Amino acid sequence: MTSELQERLLADLHQFAVPRHARWDPLGLMGVRESLRDRLSALGELEEHHFDRAGEAGVNLILKLPGQRANASPLLVGAHYDGPLHSPGADDNASGLAALLELAQRWRTEPPRRPVWLVAFDQEEWGMVGSEALASELKASGQPLKLMVSLEMLAFTSEEQAYPHPAMRQVYGSTGDFIALVANTSAGLMLPGLSAAMGRYVKTKVLPVPNRGTAIPDVRLSDHSPFWDQGYNALMVTDTSYMRNPHYHQMGDTVDTLDLPFFCQVVNGLDAALTRL
């Protein structure tokens, strides 16, 4: 199973780790969008959420899968599909897309406890424009969510680990060999259970942050933060980005730099943790 999973994830990483920035390589972005349309629509009815915020237009792709409890508030799991400027974006965020597709395929045949909305977000690199558009519309319509989960860079490990505050090294360690779960305090009660479930597969660290992360701006840099701002429980799953990965937003962010066994365990851990919510 592990070798087959690694092969699937590797194939998806190679497919999506291409230049795909909205201004630098719009054709690349269009190609990735079309590939995602094909892959997700094969798993169910695909919704396209078009937005135009302050002149930044794009398309979020939404696949809604049923759960065992049809009337339960849905779980929203997302990953952005646009890429950084001047980078193929293997870790950022082809890794999130590969994980999203793997989870979608599993949950289509083995539904989790509650309905799941799987979202490929556009325009994250322009300031979370796509997720801000969706979060504000969901809030305005009164749509409840159990939890929003942003899959943001999942596949890089390193012997060195940095932090926004030096004191965190004493708590979390100096080696970049863990996956981090970063949640607002209202979602904090879910962190022990999520961490325990993921921890059976991969070393997992948790960070609850108050006040929507305003005191630590680094923890807001993904699609979860607009959901924090709208009052939703939201979680970022991350390998800690540039605090670990020296190739962040560089041409060196390539598939060959990633830790595939680690990535496989992250995906398995996500599956185990999120299906039980």
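Laboratory data are not the source of any read-out in this text; all were calculated from the coordinates shown. Model, not experiment: these values are computed from the prediction. Reconstructed Cβ throughout: ideal geometry from the backbone, glycine too, with neighbour counts over all protein chains shown.
Close amide H pairs (under 5 Å, H built 1.01 Å from N) link Ser158 with Gly176, Asp177, residues at least 5 positions away or on another chain.
Taking neighbour Cβ counts within 10 Å as the exposure measure, how do Ile216, Ile62, Ile179 sort from fewest upward? If you can, show how the numbers build up before the last one.
On the way: Ile216 16, Ile62 19, Ile179 26.
Sorted ascending by nearby Cβ count, the order is Ile216, Ile62, Ile179.
Per-residue 3J(HN,Hα) values for region 95-112, derived from phi via the Karplus relation 6.51 cos²θ - 1.76 cosθ + 1.60 with θ = phi - 60°, read 5, x, 5, 4, 5, 4, 5, 5, 5, 4, 5, 5, 6, 5, 8, 10, x, x Hz in sequence order (x marks Gly and Pro). Each of Glu132, Glu102, Glu110 has some number of other Cβ atoms within 10 Å of its Cβ, and from fewest to most they run Glu110, Glu102, Glu132. The H on the amide N of Val149, modeled in the peptide plane, is under 5 Å from the matching H of Leu76, Val77, Gly78, Leu235, each at least 5 residues off or on a different chain. Where a ≥ b ≥ c are the square roots of the eigenvalues of the C-alpha gyration tensor, would you call region 10-140 rounded, which needs a/c under 1.5, or, failing that, prolate if a/b is larger than b/c, or oblate? Oblate is the answer for region 10-140, as a/c is 1.5 or above yet b/c matches or exceeds a/b.
Length gain on complete extension for the stretch Thr214 to Ala272, per 0.36 nm per residue less the alpha carbon to alpha carbon distance? Could you put the intermediate results ahead of the total?
Details: separation 58, 0.36 × 58 = 20.88 nm, distance 3.05 nm.
Taking Thr214 through Ala272 to full extension adds about 17.8 nm, to one decimal.
Extension gain, Ser195-Arg69: 0.36 nm per intervening residue step, less the Cα-Cα distance, totals 43.0 nm.
Over region 2-274, what is the relative contact order in percent, taking alpha-carbon pairs closer than 8 angstrom and at least six residues apart?
Numbers: 576 pairs, mean separation 63.1, N = 273.
Reported as a whole number, the value is 23 percent.
With Cα atoms defining each centre, region 127-182 and region 209-277 are spaced 4 Å apart in the structure. Can you work out the FRET efficiency for the pair Ser141 and His14, with r the C-beta to C-beta distance and R0 = 45 Å, to the nearest 0.05? After rounding to 0.05, the efficiency reads 0.75. Rounded to the nearest Hz, the phi-derived 3J(HN,Hα) couplings of region 218-231 under the Karplus curve 6.51 cos²θ - 1.76 cosθ + 1.60 (θ = phi - 60°) are 4, 7, 9, 7, 6, 6, 6, 5, x, 6, 4, 5, 8, x, where x marks glycine and proline.
Which shape class applies to region 208-277: rounded if a/c is under 1.5, otherwise prolate when a/b exceeds b/c and oblate if not, where a ≥ b ≥ c are the square roots of the Cα gyration tensor eigenvalues?
Working: a/c = 2.79, a/b = 1.26, b/c = 2.22.
Oblate shape, in that a/c is at least 1.5 and b/c is the bigger or equal ratio.
Under the combined filter of DSSP loop state and at most 15 neighbouring Cβ atoms within 10 Å, region 219-277 retains these trypsin sites (Lys or Arg not before Pro): Arg276. Taking other Cβ atoms within 10 Å as a rough exposure proxy, Tyr242, Tyr81, Tyr232, Tyr201 sort from fewest to most as Tyr242, Tyr201, Tyr232, Tyr81.
What's the tally of Lys pairs in region 2-274 whose alpha-carbon atoms lie under 27 angstrom apart, where the two lysines are 8 or more places apart or on different chains? Kindly include the intermediate steps, with their values, before the conclusion.
Numbers: Lys64/Lys139; Lys64/Lys146; Lys146/Lys203; Lys146/Lys205.
So the count works out to 4.
With r as the distance between the Cβ atoms of Asp38 and Lys203 and R0 = 22 Å, compute the FRET efficiency 1/(1 + (r/R0)^6) and round to 0.05. Mind showing how you got there, number by number?
Details: r = 35 Å, r/R0 = 1.59.
The calculated FRET efficiency here is 0.05.
The length gained on full extension between Val171 and Asp52, counted as 0.36 nm times the residue separation minus their Cα-Cα distance, comes to 38.7 nm.
Rounded to the nearest 5, what % of the DSSP beta bridges within region 2-274 are antiparallel ones?
Numbers: 18 of 39 bridges.
The antiparallel fraction comes to roughly 45 percent.
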